1. Using only the alpha-carbon atoms, how far is helix 139-171 inclined from the longest principal axis of the chain? Give it as 0 to 90 degrees, nearest 10.
2. Give the average over all directions of the projected area of the C-alpha convex hull of segment 34-204, one decimal, in nm².
3. Which FRET efficiency, nearest 0.05, do residue 33 and residue 77 yield, Cβ-Cβ r, R0 25 Å?
4. Hey, what angle do you get for helix 176-196 against the long axis of the chain, alpha-carbon based, 0 to 90 degrees rounded to 10?
5. Based only on the alpha carbon positions, what is the Kirkwood hydrodynamic radius of segment 115-207, in angstrom?
6. Please give the length that would be gained between residue 40 and residue 106 if that part of the chain were fully extended, namely 0.36 nm times their separation in residues minus their C-alpha to C-alpha distance (nm, one decimal).
7. May I ask for the angle, rounded to the nearest 10°, between helix 66-90 and the longest principal axis of the chain, with both axes built from Cα atoms and the value confined to 0 to 90°?
8. Would you calculate a helix-derived [θ] at 222 nm for the chain, using -39,500 (n - 2.57) for each DSSP H run of n ≥ 4 and dividing by the full residue count, to the nearest 500?
């Protein structure tokens, strides 16, 4: 077992047989399983969309598409700030790393707020899981709220996880490898949004 796998966690983690840290291997396995979940949801959603003759295209450029575009920029920026935090941790610059993680958490929070505001607006217009105020396929609401809701839950969970890791890294309970491992999850969440944005938003732009 490597030096970074010893200490407080040594009694709980076995040495990885694949030449990488056990916690990083566990994260990659989680990401792989989570990717299958999102792929299945997006595939099922696309199947419903193609198979529905009365599918709705409700998203105007303003405010929905524009808001989703801003959300995309925010997530992409948060990936860069998280990457900067990892580089700072690897360089041993703890204070700078914590600032970058804090900024990443802030961007993730802004993304969540914009998303919840969008949800509030759509619910106010009458959208529900199985209700379409435009009179089209009711599956639209189920697909939209299901996919974006799962992704939003991942973003919020990521912000919380980053807060825990930042606290542990600051006190010395966690090390730079925990920062890097958590960054893999955050980058995955951002990567998934690169599929959600065009499939769920751009392909449902008003015609």
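Laboratory data are not the source of any read-out in this text; all were calculated from the coordinates shown. The structure displayed is predicted, hence computed values, not measured ones. Methodologically, a virtual Cβ is constructed for each residue, glycine included, from the backbone with ideal geometry; neighbour enumeration extends over all protein chains shown.
1. Roughly 20 degrees, rounded to the nearest 10.
2. On the way: hull surface 38.4 nm².
Taking the Cα atoms of segment 34-204, their convex hull projects to 9.6 nm² on average.
3. Details: r = 27 Å, r/R0 = 1.09.
Step by step, r from the Cβ atoms, then E = 0.35.
4. Approximately 10 degrees, to the nearest ten.
5. Details: mean 1/r = 0.0653 Å⁻¹.
Final number for the Kirkwood radius of segment 115-207 is 15.3 Å.
6. Details: separation 66, 0.36 × 66 = 23.76 nm, distance 3.00 nm.
Separation in residues times 0.36 nm, less the Cα-Cα distance, equals 20.8 nm.
7. So the helix axis and the longest Cα principal axis differ by about 10 degrees.
8. Result for the chain, helices only: -24500 deg cm²/dmol.
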